[in-house]
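The values are calculated or read from the model by the stated rules, or taken from the named source; none is laboratory data. Not measured: the values here are computed from a predicted model. Heads up, the Cβs are rebuilt from the backbone with ideal geometry, glycines too, and the neighbour counts pull from every protein chain shown.
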Amino acid sequence: MSYFIVSLVVITTITLSSSQAFREVVDCEKITINRCYIGSERIFSSEFIFLRKHENIVSIDMNDNKNIRYLPINTAEMFPNLIVYQGSRCSIKAIHKINFQNLTKTETLALPFNYIETIEGNTFEEMISLTHLDLQNNRIKHMNGRALDVIINVQRVILINNICIDKDFDDDNGSRPEVIAEMPSIVQENCGFCDMTDILSHCDVINNFKSTIRLMLRSFQIRNQLTADTKIVSETSHEGEEPGNKTCEAEDMIKSFMHQL
């Protein structure tokens, strides 16, 4: 009987290690009034996941943890009632939608003083309760304006001291809602970059990223289908036309090619 128990423990450990794909498993260092603290001595690798479920925890504090380079992908599963998510002064290099999936109750996300460079358009789309986003003092040089457009309840977004933008968007408790309304377009203008959705739906993005589109078409091996008389992007805009309304001769052509892929 004792031999069977020992064997079962060994098998369980091996299965856990392989399924987590070498990610470190981490739990709260201490819990104080529904708040989970994760200190640097708890994390030794750049990637980790949370160990167990804490339904009573509403706040995670990972501040000043220089070992953290990437956020875990099972946060919502282990902290289903999370309201405040903090990771200030860590070494976070990138964030993606998968890091925030199903965090529908989270109201505050604070990741200032890190090394984040790019924010994709769908990064925060499942954070429907998010009101405060702090990404100041990162290294953001590319940010899709749609990343902020989908945060429908946002009240403040701090983007101070980034490469492409240095602004604090604050609606001052609702008295300046136009500040938030203009935020996505301001971010897109300063930090906008090309992703697939932009290419298919925004002429201004196509015109500003001609070389990117050419490279994309070449990589899909469809550039040879273009005739010598076809321009990928219109080089000129009509006189008196607003900057965001440039002609986009390639839009229908690109849509047609994408359906063939």
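Of 206, 140, 152, which residue is β-branched (Val, Ile, Thr) and either touching a Lys or Arg at 6+ places or on another chain (Cβ under 9 Å) or modelled with pLDDT under 50 (or both)? Show your work before the answer.
Details: 140 fails: either touching a Lys or Arg at 6+ places or on another chain (Cβ under 9 Å) or modelled with pLDDT under 50 (or both); 152 fails: either touching a Lys or Arg at 6+ places or on another chain (Cβ under 9 Å) or modelled with pLDDT under 50 (or both).
Step by step, each of 206, 140, 152 is checked, and only 206 is β-branched (Val, Ile, Thr) and either touching a Lys or Arg at 6+ places or on another chain (Cβ under 9 Å) or modelled with pLDDT under 50 (or both).
So is residue 48 among the aromatic types (Phe, Trp, Tyr), more than 18 Å from residue 133 (Cα to Cα) and touching a strand residue (DSSP E or B) at 6+ places or on another chain (Cβ under 9 Å) or not?
The answer is yes for residue 48.
Restricting to the range 91-143, name every residue that is at positive phi and touching a helix residue (DSSP H, G or I) at 6+ places or on another chain (Cβ under 7 Å). Show your work before the answer.
Here is the first cut: in the range 91-143, the ones at positive phi are 102, 113, 137.
Within the range 91-143, 102 is the sole residue that qualifies.
Of everything in the range 26-51, what is modelled with pLDDT under 80 and closer than 12 Å to residue 65 by Cα? Give them in sequence order.
39, 40, 41, 42, 43, 44, 45, 46
Examine the range 73-87 for a residue that is more than 25 Å from residue 30 (Cβ to Cβ), touching a Phe, Trp or Tyr at 6+ places or on another chain (Cβ under 8 Å) and not small (Gly, Ala, Ser), and state whether such a residue exists.
No, the conditions are met nowhere in the range 73-87.
Of the conditions (1) aliphatic (A, V, I, L, M); (2) more than 15 Å from residue 182 (Cβ to Cβ); (3) within 16 Å of the chain's Cα centre (by Cα), residue 148 clears all except one; give me its number.
(2)
Can residue 144 be described as assigned by TED's automatic domain parsing to the domain that holds residue 62 and under 15 Å from residue 83 (Cβ atoms)?
Judged against the criteria, residue 144 is not a match.
I'd like to verify a number: residues in the range 107-137 that are touching a Pro at 6+ places or on another chain (Cβ under 7 Å) and in a loop (DSSP other than H, G, I, E, B), how many?
So the count comes out to 3.
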